[in-house]
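Comments concern the structure below.
We did not get these values from a lab; they are worked out from the coordinates using the rules stated. Being a predicted model, the structure only gives us computed values, none of them experimental. Neighbour counts are summed over all protein chains in view; Cβ atoms, including those assigned to glycine, are modelled from backbone coordinates with ideal geometry.
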Amino acid sequence: DLDYRDLMVRQSEYRSSCATVLMLDTSHSMILYGEDRFTPAKKVALALTHLIKTQFPGDTIRVVLFHDSAEEIPIATLAKAQVGPYHTNTAEGLKLARRILMAQKKDMRQIIMITDGKPSALSLPDGRIYKNSMGLDGYVIAETLREVAACRKSNIMINTFMLARDRALVEFVKQMSQISRGKAYFTNTMSLGQFVLMDFLKKRTKRVS
């Protein structure tokens, strides 16, 4: 007969707690040129939130939409989210995501950003929005990278899933990843889900020998 003293519990898997902010681009470029990139991106976002809620109950996930500005939305309303104003205020999205993450006491903090365009807008101190959709504006880029560096200083990982391959944009994303020590994935609407979910799962599970 087995007795309590005959049993041994061995921990084979360790899961640290993680706070995630999903940044979803809702600028107009997500539906331009006859291609709907937004609907597949939203489906991936919904899948990721479901995965975290069901498989990682100790984790948290919040959703930030960014366009001319940025705002957090309740996860319950994510399915109804639509493409918003025209421009891409990546810096404001990062600033809001960092604020949300720093308010949480977790072992890990990360930003998962799904986008297809270059940063083209900034929120100015007086509340106005500076916009420039023509090329990579030096002022916009510098301020965006400043926010990236602030995330790095706060030990927040940024992983970027880019749905475009413009040469100048690729170089910007690479620069952003170097600063944040995160990863950049250049993907398409068909493979986006696989990249996002597999990357998340790979980071979330650490085997203990």
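Here the sum of -39500 (n - 2.57) over DSSP H runs of 4 or more residues, divided by the residues of the chain, equals -11500 deg cm²/dmol at 222 nm, to the nearest 500.
Below 13 angstrom from the Cβ of Lys183, what's the summed charge of the other residues (Lys, Arg +1; Asp, Glu -1)? Summing Lys/Arg as +1 and Asp/Glu as -1 gives +3. Hey, how much of the P(r) for the chain falls beyond 20 Å, as a percent of Cα pairs? I get 57 percent for the Cα pairs in the chain exceeding 20 Å.
Is region 63-172 rounded, prolate or oblate when judged by the Cα gyration tensor, a ≥ b ≥ c being the square roots of its eigenvalues, rounded requiring a/c under 1.5 and prolate requiring a/b larger than b/c? Since a/c stays below 1.5, the shape of region 63-172 is classed as rounded. Computed from the Cβ-Cβ distance with R0 of 30 Å, the FRET efficiency linking Met190 to Asn132 stands at 0.45.
Each eigenvalue of the Cα gyration tensor of region 132-209, multiplied by 5 and square-rooted, gives one semi-axis; in descending order these are 26, 18, 8 Å. Using 29 Å as the Cα-Cα cut-off, could you pick out the over-long pairs in Lys43/Lys118; Lys106/Lys131; Lys53/Lys174; Lys53/Lys118; Lys42/Lys202; Lys43/Lys174? In this structure, Lys106/Lys131; Lys53/Lys174; Lys53/Lys118 lie more than 29 Å apart at Cα.
Each Cα pair under 8 Å and six or more residues apart adds its separation to the average, and for region 140-209 the resulting relative contact order is 32 percent.
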